[in-house]
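Presented below is the structure to which this report refers.
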Amino acid sequence: MEVSGDFARLVLEQASSAHPAARMARELGLLGNYGTLGIFFLMSQSGEVFIDEDDGKLRPAHADEHEFAHVQAARRYPELRHLMPDRPLSASTCQLCAGSAEAATGDGRNRFCCPACNTRGWTI
Ligand SMILES: [Zn+2]
């Protein structure tokens, strides 16, 4: 799925972080769209997703990682909203996150990306 003509602008405007993954993204013309402890998601203009596990090497994303990166891009960049997977008519709102894409620990103090729906907000 082609990302859009806005992709080059988004790459240029992405945070000018000094982190190696951000620098790699800029040098390769990729868009860094999500990062957490030891894993960074980078996307090409053609919609391919690559993973940097904080070792400076890129590997192709697995299917669930690919979907996660597209959902994060759609949530973060209005220009990329079309990357959000279509919700099937038979889907249900995620019971863990109630559709918010974020789940919380039992005491509610820590929030994290919902693993039950891969942050889509719905499950099949
Ligand atoms: Zn969920």
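The values are calculated or read from the model by the stated rules, or taken from the named source; none is laboratory data. These figures come from a predicted structure and were not determined experimentally. Glycine also receives a Cβ, built like all others from the backbone with ideal geometry; neighbour counts cover every protein chain displayed.
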* Could you please tell me which pairs satisfy a Cβ distance under 6 Å, a separation of 6+ or placement on different chains, a first residue in region 22-33 that is in contact (Cβ under 8 Å) with a residue 40 or more places away in the chain and in the same structural domain as ILE51 (by TED's automatic domain parsing), and a second residue that is aromatic (Phe, Trp, Tyr) and surrounded by 16 or more Cβ atoms within 10 Å (Cβ to Cβ)? => ASN33/PHE41
* To do: Looking at (1) outside any strand (DSSP E or B); (2) buried (at least 16 other Cβ atoms within 10 Å of the Cβ); (3) within 12 Å of the ligand (Cβ to nearest atom), find the lone condition where ALA103 falls short.
  => (1)
* Sole exception among (1) of a type outside the set (Lys, Arg); (2) surrounded by fewer than 18 Cβ atoms within 10 Å (Cβ to Cβ); (3) part of a loop (DSSP other than H, G, I, E, B); (4) outside the structural domain of GLN14 (by TED's automatic domain parsing) for ASP55, by number -> (4)
* Asked: Hey, among ALA63, ALA74, ALA104, which residue is of a type in the set (A, V, I, L, M, F, W, C), over 12 Å from PHE41 (Cβ atoms) and outside the structural domain of GLY29 (by TED's automatic domain parsing)?
  -> ALA104
